[in-house]
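K.L.:
I have a structure I would like to understand better, so I am pasting it below and will then ask my questions one at a time.
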Amino acid sequence: MSTQDEQEARRLDAVDPVPVLREEFHVPPAPGGPYEEAAYFAGNSLGLQPRSVARYLNEELEDWARLAVEGHTQARRPWVDYHEAARAPAARLVGALPHEVVAMNSLTVNLHLMMATFYRPAGERTWIVIEDAAFPSDSYAVRSQAVHHGLDPERTVVRLKPRPGEENLRTEDVVEYLEREGRHVALLLLGGVNYLTGQLMDMESITKAGRAAGAVVGWDLAHAAGNVPLRLHDWDVDFAAWCTYKYLNSGPGAVAGCFVHERHVRDAALPKLSGWWGTDPATRFRMDPRIDPPASADAWQLSNPPILALAPVLASLEIFDRVGMDALRTRSERLTGYLAGRLAPISGLEVVTPPEPAARGCQLSIRVPDAAALTERLAVSAGVLADAREPDIVRLAPVPLYSTFHDCHRASVALAAMLG
Ligand SMILES: *Cc1c(COP(=O)(O)O)cnc(C)c1O
């Protein structure tokens, strides 16, 4: 074991201009190996628990015990408009105007609600374009939307593939496709950061090309929110949705986020699936059967917010707001660049994530012979927690809020020992 490399990693941790906030998180114990704490690289799957979450949750439990139904209006954070507390920090996180975002539901539900409004197949414009390496839930969701409209999913859903022999989509190929076939495309729905390869898409250019072709452009930001800076409003994105349990550290199944561009929130004629939390709160109890939606993303809400699932989202957003996504991104580029440099000389693995920092977030995906077995050995013999995607991809995400250069050192030493 090269102590010189280890010293260098410790030095980088000591001098990094954006300090790690590891102390603010519960880092799990290492399941094996020489260190007490795990080197946690699975924050792209489930982020670590902020220590502040317990306080946020306890306040809600106390208010529920103390106030019962009065908590709707009398709680420290009144429950009737609890989602309001997430609005400003969520808007800053994704580069939106406050009334363009809302915290609600789960990711796939939000994708469906957005498609109920924005997927309007008509004439020759019926196609939904996704990436071939789409997350299964997204594939199922778009196919079911096609079926819902009486269309054949095999013909309606187009899956964009990288060039033969390549791992990642090229922006110019996506743009060229939209120029060539755009008249058929009703909806372009890609991942901002691909869950498998870690590729960061050029969302601005692709959104522009998609809209120029007359398509609606939505983004699945499951792996982008909290990972990379976003400018959804300025990029003119039509809609987006993201979960909060990955980079946003809000706990398993936590409440998701949704973005609807300002130009749509004022359009009362858009068809929506509606519920009582989608009406103007001032007129909610007038019992008028016709809805009176506000000119905001809130108009897509259905139900009253799940307070216990939203409390951790507020705790987490407070941390992102304090550090700022731009500062986190600079730290993230240093951490991931360091890990990439340490993985480069190891024979027996191939990094499939793009090498350019501008084309990736923090995740590096490596191709190895047996991903599941390697991931298990990394955990048990080195305390390095990564995540396997069958058959041959291991994903390693150094998360700038809580991962260290020393964690990256541990991962590279363990991989070199097992593969090199
Ligand atoms: C994690 C992830 C999901 C998960 O969907 P849920 O509705 O939160 O269960 C969906 N899509 C993508 C691209 C993901 O990465």
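The values are calculated or read from the model by the stated rules, or taken from the named source; none is laboratory data. Keep in mind it's a predicted model, so treat the numbers as computed, not measured. With ideal geometry, Cβ positions are generated from the backbone for all residues, glycine too; neighbour counts draw on all protein chains shown. Protein only, heavy atoms only, side chains kept; ligands, DNA and RNA dropped before computing areas. Shrake-Rupley method; radii C 1.70, N 1.55, O 1.52, S 1.80 Å.
K.L.:
What Kirkwood radius, in Å to one decimal, follows from the Cα pairs of the range 16-133?
P.N.:
For the range 16-133, the Kirkwood estimate is 19.0 Å.
K.L.:
Under 8 Å for C-alpha pairs, at least 6 residues apart: give me the relative contact order for the range 46-135, rounded to a whole percent. Spell out each step's value before the answer.
P.N.:
Working: 39 pairs, mean separation 10.9, N = 90.
Worked out over the range 46-135, it gives 12 percent.
K.L.:
Same structure, new question: Dividing the Cα convex hull volume of the range 245-299 by residue count, how many Å³ per residue is that? Write down the numbers at each step before the final one.
P.N.:
Details: hull volume 6.3 nm³, N = 55.
Taking only Cα atoms, the range 245-299 has a hull volume of 114 Å³ per residue.
K.L.:
Enter the mean projected area of the convex hull around the alpha-carbon atoms of the range 97-221, in nm², rounded to one decimal.
P.N.:
On the way: hull surface 31.7 nm².
Approximately 7.9 nm², given one-decimal rounding.
K.L.:
So how long is each side of the range 200-268 along the principal axes, counting just the alpha-carbon atoms, biggest first, in Å?
P.N.:
Computed over the range 200-268, the largest-to-smallest principal extents equal 37, 31, 16 Å.
K.L.:
Put +1 on the Cβ of each Lys and Arg and -1 on the Cβ of each Asp and Glu in the range 82-321; which of Ala96, Val109, His184 then has its Cα farthest toward the positive end of the dipole?
P.N.:
Checking the options against the dipole of the range 82-321, the answer is Val109.
K.L.:
Turning to a different aspect of this structure: Kindly report the accessible area of the chain per residue (heavy atoms of protein chains, probe 1.4 Å, no ligands, DNA or RNA), in Å².
P.N.:
On the way: 17680 Å² over 420 residues.
Value returned for the chain: 42 Å² of accessible area per residue.
K.L.:
Given 25 °C and 0.890 mPa s, how large is the Stokes-Einstein diffusion coefficient of the range 332-420 in µm²/s, with Rh as the Kirkwood radius over Cα pairs?
P.N.:
On the way: Rh = 12.8 Å.
Value of D from the Cα-based Kirkwood radius: 192 µm²/s.
K.L.:
Taking the Cα atoms of the range 222-372, report the difference between the largest and smallest coordinate on each principal axis, in whole Å and largest first.
P.N.:
The principal-axis extents, from largest down, are 68, 33, 33 Å.
K.L.:
Taking 8 Å as the Cα distance limit and 6 or more residues as the minimum spacing, I'd like the relative contact order of the chain as a percentage.
P.N.:
Numbers: 838 pairs, mean separation 100.9, N = 420.
Once normalised by length, the contact order is 24 percent.
K.L.:
Quick one: Debye curve from the C-alpha atoms of the range 64-119, no solvent, what's log10 I(q)/I(0) at q = 0.25 Å⁻¹?
P.N.:
-0.96
K.L.:
Which aspartates and glutamates, on any chain, are close to Lys272 with Cα under 17 Å apart, when same-chain ones fewer than 8 places away are left out?
P.N.:
Glu100, Asp238, Glu262, Asp280, Asp292, Asp298
K.L.:
When 1/r is averaged over all different Cα pairs and the result inverted, which Kirkwood radius in Å belongs to the range 128-177? Working shown, then result.
P.N.:
Numbers: mean 1/r = 0.0854 Å⁻¹.
It is 11.7 Å.
K.L.:
Next question, about the same structure. Which length gain, in nm to one decimal place, applies between Arg159 and Ser137 when the Cα-Cα distance is subtracted from 0.36 nm times their residue separation?
P.N.:
Working: separation 22, 0.36 × 22 = 7.92 nm, distance 1.42 nm.
Stretched out fully, the Arg159 to Ser137 stretch lengthens by 6.5 nm.
K.L.:
Can you give the convex hull volume per residue for the Cα atoms of the chain, as a whole number of Å³?
P.N.:
Roughly 141 Å³ of hull volume per residue.
K.L.:
When the Karplus curve 6.51 cos²θ - 1.76 cosθ + 1.60 is applied with θ = phi - 60°, which whole-Hz ³J(HN,Hα) does each residue of the range 65-75 get, with x for Gly and Pro?
P.N.:
5, 7, 10, 6, 5, 5, x, 3, 10, 9, 5
K.L.:
Looking at the range 285-394, what % of the alpha carbon pairs are farther apart than 24 Å? Spell out each step's value before the answer.
P.N.:
Working: 3231 of 5995 pairs.
Value for the range 285-394: 54 percent of Cα pairs lie more than 24 Å apart.
K.L.:
With no solvent and one point on each alpha carbon, what is the Debye value of log10 I(q)/I(0) for the range 82-321 at q = 0.08, 0.16 Å⁻¹?
P.N.:
Taken in order of the listed q values, log10 I(q)/I(0) reads -0.28, -1.14.
K.L.:
Got a number for carbon plus sulfur as a percent of the range 82-321's accessible area, 1.4 Å probe?
P.N.:
On the way: 5090 of 9420 Å².
The computed percentage sits at 54.
K.L.:
Starting from the amide H of Val384, placed 1.01 Å from N in the peptide plane, find each other amide H under 5 Å away whose residue is 5 or more places distant or on another chain.
P.N.:
It is Ala39, Ala379, by chain and number.
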